[in-house]
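Only one structure is covered here, and it is reproduced in the block below.
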Amino acid sequence: MKVIYSLVLLSMLICCKDEDVVFLPQVGQAPIVDGLQEDLWLKTQPHSLFFYYGQKAEDSLDFSATYRVVQHNENMFFLVSVYDQIKYTHQKPTERHDLELWNPAHYDRVNLEFLREDNDTDKFAISLNYGLDSVFATNISPTDFKAIVSDTPLGYNVEFMIPLRLIRSDIITFNLWITDHDKRFHREGLDVFGVQESTYGSGGRYRKSLSLEE
């Protein structure tokens, strides 16, 4: 099921034609990666994430999300703004039995995945879970990027900084999706019997812009 689910995700999110690819918006000052929405973000176009899997009838009442993306010199930055009335979090368990059942994927989380134009298997991904201190990375060193989550009155923000040197193609292709869990857990968040989740996502393709001078 998970394999089919992942393939559907990729086919739904990456849908842009070559003529739709635009240059990354340039900014003269790098955003501070703190999860806060600085003024420069307000001048950048927001892109909505759309529901495609799970419990829409329940979650559409309490969830929506947008992302913004910019480039400053040799780095790209994302700000993901999430409106979520029910934010799921729980401390990581300490007992051995509970740790065997615990799954960090079953938290509210934001996932960012980069693909290559010529080789779909050569990709890297970052997952940041609301309520956890850890960031989970695939095919990328934790020292090569920044990611942080910050609470807001109506939900939370997640901010990323990605060096463009990690993306070998001139065209940047990515998927961004958010998994929202509300109250479908057994034993305070431990996934014993499986969960039903809601997922919202979007895809993007941009060309790298020429670097601005500092």
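Among the listed pairs K43/K146; K43/K92; K92/K208, a Cα-Cα separation exceeding 28 Å is found for K43/K92; K92/K208.
Computed 3J(HN,Hα) for segment 28-36, one whole-Hz value per residue from the Karplus formula 6.51 cos²θ - 1.76 cosθ + 1.60 where θ = phi - 60°, is x, 9, 6, x, 7, 7, 9, x, 9, glycine and proline marked x. Net charge in the neighbourhood of G35 (other residues with Cβ under 12 Å of its Cβ; Lys, Arg +1, Asp, Glu -1) is -3. Per-residue extension of 0.36 nm, minus the Cα-Cα distance of Q26 and D39, leaves a gain of 3.2 nm for this segment.
If we count every other residue with Cβ under 12 angstrom of L24's Cβ, Lys/Arg +1 and Asp/Glu -1, where does the sum land? Within the 12 Å Cβ shell, the charges total +2. Around the amide H of F124, modelled in the peptide plane, lie the amide H atoms of F114, all under 5 Å away and 5 or more residues distant in sequence or on another chain. Spin-label pair H47-N103: with each label point 7 Å from Cα along the Cα-Cβ axis, the two points sit 2.9 nm from one another.
Note on Y67: accessible area approximately 10 square angstrom, rounded to 10, probe 1.4 Å, nucleic acids and ligands left out.
The values are calculated or read from the model by the stated rules, or taken from the named source; none is laboratory data. Bear in mind that the values here come from a model prediction, so they are computed numbers and not experimental data. Every residue, glycine as well, gets a Cβ built from its backbone with ideal geometry; the counts of neighbours run over all protein chains shown. Each accessible area value is taken on the protein alone, full model and side chains, heavy atoms only, with ligands, DNA and RNA left out. Shrake-Rupley method; radii C 1.70, N 1.55, O 1.52, S 1.80 Å.
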